[in-house]
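Some notes on the structure that comes next.
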Amino acid sequence: MYNRDTVIFRQEKQKEMSEDFIQDLNEYFSKKYVNFDLISSMPSYESITISMVLKNRNRIEEGEYAANEMRKIAYQPDPAKILAELKERYVDNNFTFSVRVAPLKVRLKALFHAKDLPGPLLAKLIRNYGDDPETIWERLGVSQRLWQKTLRGYYVPEKVLLFKVFLLLGVSLEDSMALMKLCGAYYDFEDARDVVVRYLIDYRVFNRDMIDKAFDEFRIRRIL
């Protein structure tokens with residue numbers, strides 16, 4: 001039975017949860033993002049000294065820590081304003097192919113069906129998370145032929161393809177980092193996309209609408 005008050009309550013609750021989610025993401029981003037060249041180019045940016053960051057802490061022991069932290073948005077006098085300016089001006093020019101050709105030695109090992117290559121281990125991870133590695137290719141936006149060669153080890157997945165797998169399957173941080181290392185990839189906190197994806201994985205946010213909202217909030221191209 002339709003209940004207008006119930007519908008309105010749910011809509012308001014969803015809006016509240018969405019606002020809380022974005023606030024959490026903003027705080028995380030402000031503490032993690034380290035592209036100082038871009039941060040310092042914002043109109044409201046102010047220079048921060050080490051003493052302002054350390055306050056009552058030991059300047060000698062924690063000086064190196066402070067030198068890095070003072071470059072982040074979180075330590076600005078008005079971090080919300082800096083972040084808003086950065087979102088407004090951010091241009092997502094991050095482009096990579098889904099895969100790269102594996103080195104010759106790796107391709108030779110793939111001929112003999114070696115199990116310790118990125119492709120077979122990616123297939124194992126997908127199975128461990130309850131999906132079929134042979135049929136997931138369409139949801140990842142790649143061709144079946146390219147995907148099959150990737151699973152066999154002839155191609156190495158690039159970071160954007162790994163991110164798609166992680167977000168689709170709800171992969172843990174530990175598993176994501178282990179596979180990325182094997183593929184020669186890592187989370188780059190100078191890249192807004194990497195910071196957003198890392199937040200989603202850190203806090204186990206795998207709802208598709210919330211993932212899309214997080215990407216849209218920072219003007220990043222959706223990858224799913």
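The values are calculated or read from the model by the stated rules, or taken from the named source; none is laboratory data. Because the structure is a prediction, the values reported are computed rather than measured. Methodologically, a virtual Cβ is constructed for each residue, glycine included, from the backbone with ideal geometry; neighbour enumeration extends over all protein chains shown. The area values use the complete protein model at the heavy-atom level, side chains included, leaving out ligands, DNA and RNA. Shrake-Rupley method; radii C 1.70, N 1.55, O 1.52, S 1.80 Å.
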Note to self: I'd like the FRET efficiency for K124 and D24, computed as 1/(1 + (r/R0)^6) with the beta carbon distance as r and R0 of 45 Å, rounded to 0.05.
What the structure shows: 0.90
Checklist line | Theoretical FRET efficiency, 1/(1+(r/R0)^6), r = Cβ-Cβ of L182 and A80, R0 45 Å, to 0.05 | finding: 0.70
Check: Can you give the extra length, in nm with one decimal, that the chain gains between Q148 and A114 once fully stretched, where that is 0.36 nm per residue apart less the Cα-Cα distance?
Finding: 10.8 nm
Item checked: Full-stretch length increase - I48, F36 - with 0.36 nm per residue and alpha-carbon distance subtracted -> 3.1 nm
Next item on the list: Step through the table entries K72/K159; K149/K213; K32/K181, compare each Cα-Cα distance with 28 Å, and write down the pairs that go over it.
Entry: K149/K213
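Counting only other residues whose beta carbon sits under 11 Å from that of N35, what net charge do I get with K and R as +1, D and E as -1? Mind dumping the intermediate values first?
Details: positive: K32, R71, K72; negative: D37, D188, E190, D191, D194.
Net local charge, N35 excluded: -2.
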Next item on the list: List every residue whose amide H lies under 5 Å from the amide H of Y155, counting only residues 5 or more places away in sequence or on a different chain, with H placed 1.01 Å from N in the peptide plane.
Entry: A102, T150
Notebook entry, point to check: What aspartates and glutamates sit close enough to K105 to cross-link, taking a C-alpha to C-alpha distance under 17 Å and skipping anything fewer than 8 places away on the same chain?
Noted result: D116
Checklist line | Accessible area of the range 97-175 divided out per residue, in Å², using a probe of 1.4 angstrom | finding: 54
Notebook entry, point to check: Suppose every K and R has +1 on its Cβ and every D and E has -1 on its Cβ; what is the size of the dipole of the range 97-224 about the Cα centre, in Debye to the nearest 20?
Noted result: 580
